[in-house]
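Coordinate-derived values only; no laboratory data. Treat the numbers as computed from the prediction; the structure is a model and nothing was measured. Here Cβ is always computed from backbone atoms with ideal geometry, including for glycine, and neighbour counts include all displayed protein chains.
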Amino acid sequence: MHGCVRAGKRYNMREGIHPDYKECKVTCACGNSFVTKSINSEMRLDVCSACHPFFTGQQKFINRGGRVEKFKNKYNL
Ligand SMILES: [Zn+2]
């Protein structure tokens, strides 16, 4: 009897200390993939940091910095 109770407690404790997180391969629609920790072993994304409009848009914005000055001059900003 006692042995069974102890085994059950030990099992619960181990579950609490080690949540079911494992290596998760994330694949994006753009072809980019990376590994993270998740309860799923595989995930699919529509956007990631490599193709998200916020990041790609920001890069274009920086690359075309000259246009901002033209825009400002045109509208007297
Ligand atoms: Zn992506």
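A few remarks follow.
- Least to most buried among Ser33, Ser41 (fewest other Cβ within 10 Å first): Ser41, Ser33
- ³J(HN,Hα) computed for each position of segment 27-42 - Karplus, 6.51 cos²θ - 1.76 cosθ + 1.60, integer Hz, glycine/proline x: 10, 9, 4, 7, x, 6, 9, 8, 10, 9, 9, 7, 6, 9, 8, 8
- For Leu45, distant residues with modelled amide H under 5 Å away: Thr27, Cys28, Ala29
- Inter-label distance, Glu23 to Lys74: 5.1 nm, where each label sits 7 Å from its Cα along the C-beta direction.
- Charge tally in the Cβ shell below 11 Å around Glu42, where Lys, Arg are +1 and Asp, Glu are -1, Glu42 excluded: +2
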